[in-house]
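Let me begin by presenting the structure, written as structure tokens, before commenting on it.
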Amino acid sequence: GKTTLLKILSRITFPSQGEVLIYGRIGALLEVGGGFNQDLTGRENIFLVGSMLGMAISEVRQKFDRIVEFAGLEQFLDTQVKHYSSGMQVRLSFSIAAHFEPEILLLDEILAVGDAEFQIRCLDKIAELKQKGATLLFVTHDLKRLREVCQRTIWLEKGIQKMDGDTLEVENEYLKTTGLELTPDEI
């Protein structure tokens, strides 16, 4: 359900009934390699994915060097993406989406991939986007990462909203249902 909902919100999939109204420029990182043409190079995919997100070619050209530098894949730019590891694909995908400068950014467990240094850069970029007023919709089971990224959390269970509020409060209530609670050291 959660990935399907995010695909509907990002206009990858259309709902079988009802409608979704989105106001703003939306970027999404939903799956490793999502949107990439595996037979194209990293360079070509930057332009492909950038245009799929809604960037003009001139905007992609303007941001190209920053996208490549952030991804840290300069030496693999002319290699077909099918030869990239999942971590390399996430690096490139996140970099394109983040430099798209979305007003709404959808993330589905994507920060679980990649090395620690890249994850820190992602968190810094997310903080920068939030500082600029972007809305982040982050779907995760990683409670530690949730605390790092979100102040407000909505807990869903079987498609039903169980709680909406401060991340630590929601997390603690969730953990109580499992028989656990946050310790003062974890807060």
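The values are calculated or read from the model by the stated rules, or taken from the named source; none is laboratory data. The model shown is predicted, which means the values in this text are computed figures rather than measured ones. Every residue, glycine as well, gets a Cβ built from its backbone with ideal geometry; the counts of neighbours run over all protein chains shown. These accessible areas exclude ligands, DNA and RNA; they are computed on the full protein's heavy atoms, side chains included. Shrake-Rupley method; radii C 1.70, N 1.55, O 1.52, S 1.80 Å.
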Problem set entry | Exposure ranking of Arg147, Arg152, Arg91 by accessible area [1.4 Å probe, largest first] | Arg152, Arg147, Arg91
Problem set entry | CD proxy at 222 nm, helix term only [per DSSP H run n ≥ 4: -39500 (n - 2.57); per residue of the chain; nearest 500] | -13500 deg cm²/dmol
Problem set entry | Principal axes of segment 1-95: Cα extent on each, largest first, Å | 45, 28, 20
Seminar exercise, completed: Cα extents of the chain along the principal axes, largest first, in whole Å, come to 51, 42, 31
Exercise. How large is ³J(HN,Hα) for each residue in segment 156-168, as worked out from phi by the Karplus curve 6.51 cos²θ - 1.76 cosθ + 1.60 (θ = phi - 60°), to whole Hz, x for Gly and Pro?
Worked result: 10, 9, 6, x, 10, 6, 8, 6, 9, x, 4, 3, 5
Exercise. Packing-wise, with mean Cβ within 10 Å as the measure, how do 61-68, 9-16 rank, highest first?
Worked result: 61-68, 9-16
For this session: List, in order, the whole-Hz ³J(HN,Hα) value for each residue of segment 46-63 obtained from phi through the Karplus relation with A = 6.51, B = -1.76, C = 1.60 and θ = phi - 60°; use x for Gly and Pro.
Result: 4, 6, 4, 5, x, 5, 5, 6, x, 7, 6, 4, 5, 5, 4, 4, 4, 9
Problem set entry | Longest to shortest principal axis, alpha-carbon extents of segment 98-170, angstrom | 33, 26, 20
Exercise. So who's got an amide H within less than 5 Å of the one on Ala28, skipping anything under 5 residues away but keeping other chains? H placed 1.01 Å off N, in plane.
Worked result: Leu106
For this session: May I ask you to evaluate 6.51 cos²θ - 1.76 cosθ + 1.60, the Karplus curve with θ = phi - 60°, for each residue of segment 139-152 and list the ³J(HN,Hα) values in order in whole Hz, giving x for glycine and proline?
Result: 9, 7, 10, 8, 5, 4, 5, 4, 4, 6, 9, 10, 8, 10
Problem set entry | Anchor Lys144: lysines whose Cα lies under 21 Å away (excluding residues fewer than 8 positions away in-chain) | Lys2, Lys125, Lys130, Lys162, Lys176
